[in-house]
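What follows is a short report on a single structure.
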Amino acid sequence: MILLRQTRCALGRRRHIAHFHASPAWWAARKVLQRFKLADIGEGITECEVIKWNVSPLSPIGAFEPLCEVQSDKASVEITSPFDGTVKEILVQEGQIAKVGEDLCIIEAEEEASNPSDVPASELRDTSVNESLPPFQEQKRDPQPPSDKNPVVRRLHPLDPNASLPPASESKVLTLQPGPSSELVTAATTADVLALPAVRHFARENGVNIALLAPGSGKNGRVERVDVERYLAGGKSGSVGEQLAAVSPSPPAEGDIVVELARTRYGMWKAMEKSLEIPHFGYSTSLDLTALHNLLPILNANIPQHYLPPSQQPTAPQPVSPSSFFAAPTVPAPPASGTYDKLTYLPILLKTLSKAMYTWPLFRSSITPGSVSNGSKPTLTLRPRSDICIALSTPTGLYTPTVRAVDTYSVYNLAATLKHLAYLGRQVPCALTPAELPRRGGTLTVSNIGAIGAGESAMPLLVPGGGVAIVALGRARWVWDVERGDGKGERRLKLGISWAADHRVVEGAELAAFVETWRGYVEQPERMIAESV
């Protein structure tokens with residue numbers, strides 16, 4: 001009887017079936033690595049220096065929270081994060097330079113798949129232990145995938161310049177004077193307006209089309225925050241003429257203007273402060289360039305073909321080929337920016353200076369890095385070749401590229417190298433690389449101030465790491481030298497030079513004697529022929 005009762009209870013008991021459920025991949029959030037790039041901050045800025053990171057690797061970061069601070073040649077900008085997530089890696093360290101479009105860091109953020117068609121069909125259905133359930137027991141557990149009609153659109157960062165670009169349908173044509181001879185003024189897109197990212201963000205928050213405010217009251221027509229505020233205070237109603245009059249640039253203020261030093265000029269500031277640590281010895285004299293002047297036409301008439309511009313290279317084949325017996329050695333052609341058709345005095349002066357440096361090892365030496373600050377006796381490092389720095393004034397500041405082993409160059413090769421360095425320095429931003437600006441630098445520096453002004457002398461300054469001496473070249477002038485021509489005098493071409501040497505390692509007599517050695521090569525260039533130059 002007891003066995004029969006237990007059997008009936010077992011038969012009448014409700015049976016439960018357990019199922020295993022797998023969520024579809026398109027419904028779950030995925031962790032993706034987002035590479036955060038340095039956006040274009042406007043004003044023609046192409047690179048910035050990262051001066052401070054507000055986060056560290058593996059630290060959490062929220063959207064619009066301060067990420068880092070960068071400094072350009074014009075301003076410092078705080079960059080905020082466009083993602084919620086975790087900073088995985090910092091790619092550009094503090095003090096390093098980042099180009100526009102370069103990755104600054106990697107952020108691990110959540111991203112949801114918005115298109116279920118990208119998910120395999122095998123992941124769009126449930127996986128259960130028992131697939132043969134009765135119809136009334138099967139329940140649809142999967143939610144509906146997101147609709148393609150409303151795709152998920154990620155909100156752009158407020159300082160992202162792309163966030164301020166209006167659609168094509170918003171471009172406006174403003175009519176100033178209706179009639180047959182109407183003047184049409186097309187409102188420029190915000191991408192063409194010169195304004196700081198913070199000003200763009202302020203205008204966008206207040207619903208102001210920043211294109212209507214250009215040109216602004218700032219430098220070069222830059223739209224400032226005061227222009228947006230003046231537009232808001234004047235009201236947005238009225239005719240187009242009233243609106244344009246309300247945002248017309250105001251006359252510049254008569255008060256003082258505080259200008260922050262650019263990165264390159266600030267570097268010069270710090271270098272000149274360090275130059276006060278060096279005791280200078282100055283020496284000035286002049287060199288007679290008359291013999292070089294008479295030699296220059298012969299050198300210009302025999303410039304090797306591969307140094308000439310393409311338009312001046314001979315096109316007709318030679319009647320007799322020097323390679324008829326065996327291929328003549330090919331000389332590597334300089335870059336297009338290094339071609340020229342006329343020599344100047346500077347490459348010859350550098351070549352003769354390198355000859356004097358080879359005679360005087362002291363001027364091929366530099367103070368060994370770290371030997372002054374560690375408390376021990378300082379040492380000098382003697383170099384086997386003549387390394388010379390060239391002071392180069394560029395649109396972005398003063399640079400001193402180094403020409404290594406000048407004594408191994410020909411005069412023609414030096415001329416091509418100097419022209420190419422000048423071309424790189426004229427680019428904006430400066431195109432000089434660490435290959436032209438090595439940390440080691442040269443042992444002597446040459447500044448050709450005569451190429452700019454009419455000055456005959458200067459007072460150059462040495463900076464730590466800039467070698468043991470520096471020379472400034474003035475402008476060459478024709479003068480009447482009464483000490484020549486048996487007392488009658490002669491017309492001579494004289495070049496004024498001004499030296500400054502590190503008096504800790506160079507004696508005044510040594511500098512004077514070294515300059516006389518240089519003079520011997522400059523005023524008698526025929527000596528270089530005997531030395532196989």
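The values are calculated or read from the model by the stated rules, or taken from the named source; none is laboratory data. Keep in mind the model is a prediction, meaning the values are calculated, not measured. Here Cβ is always computed from backbone atoms with ideal geometry, including for glycine, and neighbour counts include all displayed protein chains. Only protein heavy atoms, including side chains, enter the accessible area calculation; ligands, DNA and RNA are left aside. Shrake-Rupley method; radii C 1.70, N 1.55, O 1.52, S 1.80 Å.
Observations on the structure shown:
- Per the listing V331, V320, the residue uniquely at negative phi and in contact with a His (Cβ under 6 Å, 6 or more places away or on another chain) is V331.
- Residues satisfying the stated conditions in the stretch 373-414, i.e. hydrophobic (A, V, I, L, M, F, W, C), over 23 Å from P332 (Cα atoms) and more than 27 Å from the chain's Cα centre (by Cα): L380, L382
- Flag for I303 being assigned to a loop (DSSP other than H, G, I, E, B) and closer than 30 Å to E523 by Cα: yes
- If only residues of the stretch 361-390 that are buried (at least 18 other Cβ atoms within 10 Å of the Cβ) and among the hydrophobic types (A, V, I, L, M, F, W, C) are counted, the one that is farthest from A472 (Cα to Cα) is I367.
- For E242: the one exception among (1) of a type in the set (D, E, K, R); (2) crowded, with 17+ Cβ neighbours inside 10 Å; (3) modelled with pLDDT under 70: (2)
- Of the criteria (1) under 19 Å from K419 (Cβ atoms); (2) at pLDDT below 90; (3) surrounded by fewer than 11 Cβ atoms within 10 Å (Cβ to Cβ), which one N302 fails: (2)
- Here is the figure for the stretch 484-525: residues that are of a type outside the set (S, T, N, Q), open to solvent by 30 Å² or more (accessible area, probe 1.4 Å) and under 20 Å from L346 (Cβ atoms) total 4.
- Within the stretch 452-465, tally of residues that are open to solvent by 10 Å² or more (accessible area, probe 1.4 Å), under 29 Å from the mean Cα position of the chain (by Cα) and in contact (Cβ under 8 Å) with a residue 60 or more places away in the chain: 4
- Remark: P369 falls outside the filter, which requires a residue to be at pLDDT below 90, over 26 Å from R404 (Cβ atoms) and within 31 Å of the chain's Cα centre (by Cα).
- Residues of the stretch 262-276 satisfying the condition of being of a type in the set (A, V, I, L, M) and surrounded by 13 or more Cβ atoms within 10 Å (Cβ to Cβ): A262, M268, A271
- Out of L343, L289, L350, L296, one residue alone is over 36 Å from the mean Cα position of the chain (by Cα), of a type in the set (A, V, I, L, M) and surrounded by 18 or more Cβ atoms within 10 Å (Cβ to Cβ). It is L289.
- Output for the stretch 311-340, where each listed residue is assigned to a helix (DSSP H, G or I) and either touching a strand residue (DSSP E or B) at 6+ places or on another chain (Cβ under 6 Å) or surrounded by fewer than 10 Cβ atoms within 10 Å (Cβ to Cβ) (or both): S311
- Within the stretch 55-97, tally of residues that are of a type outside the set (A, V, I, L, M) and not in a loop (DSSP other than H, G, I, E, B): 12
- V55 at pLDDT 80 or above, surrounded by fewer than 15 Cβ atoms within 10 Å (Cβ to Cβ) and among the β-branched types (V, I, T): no
- In the stretch 401-418, residue surrounded by the most Cβ atoms within 10 Å (Cβ to Cβ) [restricted to those that are free of Cβ contacts under 8 Å to residues at least 40 places away in the same chain and in contact with a Lys or Arg (Cβ under 9 Å, 6 or more places away or on another chain)]: R404
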